[in-house]
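Written out below as structure tokens is the structure these notes cover.
Since every read-out is calculated from the coordinates, none of them should be taken as a lab result. Just so it is clear, the model here is predicted, and its values are computed rather than measured. Cβ: placed from backbone, ideal geometry, glycine included. Neighbour counts: every protein chain shown.
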Amino acid sequence: MENGVLFMSKKEVNRLVVMKELESKVISQKKASDKLGLSTRQIRRLLKSYRSNGEQGLVSKKRGQVSNHKISKALEEEIMGLISSKYNDFGPTLATEKLSELHNIKVSKETIRKFMIRWGVWKDKPKNKKQVFQLRERRACSGELIQADGSPHDWFEGRRAKCTLIVFIDDATGELMKLKFYESETLQAYAETLEEYIYEFGTMRAIYTDRHFIFKVSRKDTYNGVKLTQFGRILGDLSIELITANTPQAKGRVERANKTLQDRLVKELRLRKIDNIEDANKFLDEEYRDIFNDKFMVTPKESKDMHRDLVLSETERTKIFSVQSTRKVSKNLEVYYDNVVYQLNTRYPNTIKKQDVLICQSLDKKEVKLFYRDEELGYKKYYRGKKILETQTAKTVNYVVDQVIIEQNKQLREVAIL
């Protein structure tokens with residue numbers, strides 16, 4: 001009370017009204033306890049205090065006093081010293097976690113938020129009106145749907161060039177299944193990540209992506225008769241359904257994961273002084289996936305795992321995880337592909353003439369294998385404009401430099417043209 005004025009909170013005013021009704025016997029103690037959400041024992045205690053001290057008896061005696069749980073000024077300065085020196089660009093939540101993990105300082109994130117705002121280290125983000133998108137329910141089982149995306153970002157904060165993080169996340173659980181850094185978002189990046197995923201977990205039922213040209217055939221390609229991208233063909237060979245989203249919000253699970261990773265993972269890499277892709281990928285596999293999943297993964301509605309086991313022979317694996325193309329064999333048993341002439345070596349030269357052969361180029365474009373039906377074909381390879389001949393059997397590759405043979409074949413081709 002100051003200058004004869006009694007200050008009361010809204011809760012205390014409500015108690016005063018109920019106490020007056022109770023005192024005048026308008027309501028019973030049971031009715032009063034229902035109104036205030038208190039036990040009848042607490043109602044009797046409040047009524048006794050009201051009768052003894054009047055309105056003043058309903059006012060909290062702790063008002064104006066320092067809380068017993070208030071953090072000391074020294075501890076606040078210690079916390080802000082650590083944040084200023086080591087976690088200056090961390091958000092309150094992540095800063096709170098690091099203070100607990102690395103410095104054994106256990107304070108609530110809201111307290112840290114208040115400190116950071118008071119010291120000018122953090123500003124509350126304005127709440128903008130967001131476009132409304134209807135909620136899509138999670139899939140019920142793990143392995144039923146995987147959301148995939150590439151996230152280009154300055155992950156190493158200038159310690160090396162920018163690169164891309166390929167993210168595979170389970171729709172049912174929010175579990176990060178695969179994380180892998182690549183120089184850029186390419187077919188090789190997605191296909192290799194998919195291959196590693198399958199041999200670690202099994203084959204998912206469906207995969208959800210954006211409309212990047214790696215996944216979606218352009219209208220121009222459709223007019224040219226191309227119906228599937230190479231990645232789409234790989235998924236078809238593995239009986240995995242491809243779903244492409246029309247908006248980023250449609251695959252919000254992986255988009256939100258990317259945003260979280262761009263904040264948290266960047267700082268984890270900085271704290272561990274990792275400055276290259278190789279060490280970063282090792283850290284992701286051995287530590288970070290578990291750290292992230294322990295914090296953000298949820299339990300699926302159903303415990304059934306929808307992943308399917310996949311057993312592939314080496315030849316099947318080579319064929320599926322490659323860039324495929326078909327070419328027709330000439331009467332000279334030659335195939336032209338990527339500005340290179342492949343002279344075939346087969347036991348059935350007359351049978352293979354004018355037939356289509358399957359060309360499988362490895363994802364890193366370092367190796368090419370040719371197949372006729374189920375048979376792998378050996379070949380000699382001639383680079384146009386280069387005096388180099390390569391000979392490959394069905395299993396090994398040998399390099400031979402023979403100027404005479406190259407010139408002879410060149411002359412034969414020139415005569416055939418004339």
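Expressed as a whole number of Å, what is the distance separating the alpha-carbon centroids of segment 319-371 and segment 118-189?
Centre-to-centre distance over Cα atoms comes out at 39 Å.
Could you go through segment 190-204 in sequence order and give the Karplus-derived ³J(HN,Hα) for each residue, using 6.51 cos²θ - 1.76 cosθ + 1.60 with θ = phi - 60°, rounded to whole Hz, and x for Gly and Pro?
Each residue of segment 190-204 in turn: 6, 5, 5, 5, 4, 4, 5, 4, 5, 7, 9, 10, x, 8, 6 Hz.
Per residue of segment 29-43, what does 6.51 cos²θ - 1.76 cosθ + 1.60 with θ = phi - 60° give for ³J(HN,Hα)? Whole Hz please, x for Gly and Pro, Karplus curve as stated.
Residue by residue, segment 29-43 yields 4, 5, 5, 5, 5, 5, 5, 8, x, 10, 6, 5, 5, 5, 4 Hz.
What would the Debye formula give as log10 I(q)/I(0) at q = 0.13 Å⁻¹ for the alpha-carbon point model of the chain, no solvent?
-1.17
Sort ARG160, ARG113 so the one with the fewest other Cβ atoms within 10 Å of its own Cβ comes first.
Lowest to highest Cβ neighbour count: ARG160, ARG113.
If the cut-off is 12 Å between C-alpha atoms, which aspartates and glutamates fall inside it for LYS295, apart from same-chain ones fewer than 8 positions away?
Partners within reach: GLU97, GLU175.
Return the lysines within reach of LYS331: Cα separation strictly under 22 angstrom, same-chain partners fewer than 8 residues apart disregarded; answer none if there are no such residues.
Output for LYS331: LYS353, LYS354, LYS369, LYS380, LYS381, LYS410.
Rounded, prolate or oblate: pick one for segment 146-296, where a ≥ b ≥ c are the square roots of the eigenvalues of its C-alpha gyration tensor, a/c under 1.5 means rounded, and failing that, prolate if a/b is larger than b/c, else oblate.
Here segment 146-296 falls in the prolate category.
Order the peptides 203-211, 75-83, 141-149 from the highest to the lowest mean number of other Cβ atoms within 10 Å of their residues.
141-149, 203-211, 75-83
Tell me, what HN-Hα J-couplings in whole Hz come from the Karplus equation 6.51 cos²θ - 1.76 cosθ + 1.60 at θ = phi - 60° for each residue of segment 313-329, using x for Gly and Pro?
Whole-Hz 3J(HN,Hα) from phi for segment 313-329: 6, 4, 5, 4, 5, 4, 5, 5, 8, 7, 9, 9, 7, 10, 9, 8, 7.
Rounded, prolate or oblate: which one fits segment 73-118, using the alpha carbon gyration tensor with axes a ≥ b ≥ c (rounded when a/c is under 1.5, else prolate when a/b beats b/c, else oblate)?
It comes out rounded by the Cα gyration axes.
For a quick check: with amide H placed at 1.01 Å from N, whose amide H comes under 5 Å from ARG327's, ignoring anything fewer than 5 positions away on the same chain?
VAL357, ILE359
Applying 1/(1 + (r/R0)^6) with R0 = 22 Å to the Cβ-Cβ distance of LYS259 and ALA140, what FRET efficiency is obtained, to the nearest 0.05?
Between LYS259 and ALA140 the formula returns 0.30.
What are the residues whose amide H is under 5 Å from the amide H of GLY378, where those residues sit 5 or more places off or on another chain and H is modelled from the backbone?
Close amide H contacts, sequence-distant or interchain: ASN345, ALA394.
So, counting K/R as plus one and D/E as minus one, what does the shell of residues with Cβ under 14 Å around GLY54 add up to?
+1
Normalised by the residues of the chain, what does the relative contact order come to in percent, with Cα pairs under 8 Å and at least six apart?
10
Counting only helical runs of four or more DSSP H residues, what would the 222 nm mean residue ellipticity of the chain come to if each run contributes -39,500 (n - 2.57) and the total is spread over all its residues?
Rounded to the nearest 500, it is -11500 deg cm²/dmol.
Starting from the Cα of LYS301, draw a straight line to each of the lysines and keep only those under 26 Å, dropping any in the same chain fewer than 8 residues away.
LYS178, LYS251, LYS259
Under a plain spin-label model, where a point goes 7 Å from the Cα along Cα-to-Cβ, how far apart in nm are VAL66 and GLU375?
9.2
Counting every Cα pair in segment 10-58, what percent are over 14 Å apart?
Summing the P(r) of segment 10-58 above 14 Å gives 40 percent of all pairs.
In this model, which of LYS282/LYS304; LYS10/LYS86; LYS11/LYS114; LYS48/LYS114; LYS10/LYS98; LYS282/LYS319 are farther than 32 Å apart at the alpha-carbon?
Where the Cα-Cα span goes over 32 Å, the pairs concerned are LYS10/LYS86; LYS48/LYS114; LYS10/LYS98.
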